[in-house]
Amino acid sequence: QVQLVESGGGLVQPGGSLTLSCAASGIVFTIHDMEWYRRPPGKLRDLVASISRGGTARYADSVTGRFTISRDNSKNTVTLQMNSLEPEDTAVYYCRVVVVTPFGAKYDYWGQGTQVTVSS
């Protein structure tokens, strides 16, 4: 069974840092994109950052310069380093991976989510 487990969430003060990790297991096909989404309270889920298998990273404007996404293809993990956190970063953060079969079919999987709260 495919499983994505996020870790690293918690409570942090404004200006602080957190590092989120997502470990994927049970995936037999090639993982292409690995992404972090977040859902702030009362708002829609938005893409925070993505990274391709080759390491090309993209970020939402709101986090550019503060967040860094990385991945380890050998371990099927993706990490989101979050610096200079703001209260607006408070959200449930979700890991998403996109896999591709040898025939080109795409599947995506979602983690359960981890809570990040930025508050004094």
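The values are calculated or read from the model by the stated rules, or taken from the named source; none is laboratory data. No experiment lies behind these values; they were computed from the predicted model shown. Glycine gets a Cβ as well: all are built from the backbone with ideal geometry, and neighbour counts include every protein chain shown. When the accessible area is computed, the model is the full protein with side chains, heavy atoms only, and any ligands, DNA or RNA have been set aside. Shrake-Rupley method; radii C 1.70, N 1.55, O 1.52, S 1.80 Å.
Points to keep in mind about this one:
- Fraction of accessible area attributable to carbon and sulfur, the chain (%, probe 1.4 Å): 48 percent
- Charge sum, other residues only, whose C-beta stays under 15 Å from residue 119's C-beta, Lys/Arg counted +1 and Asp/Glu -1: -3
- Solvent-accessible surface of the chain, taken per residue with a 1.4 Å probe and all protein chains present: 54 Å².
- Summed residue charge, Cβ within 11 Å of residue 83's Cβ, Lys/Arg positive, Asp/Glu negative: -1
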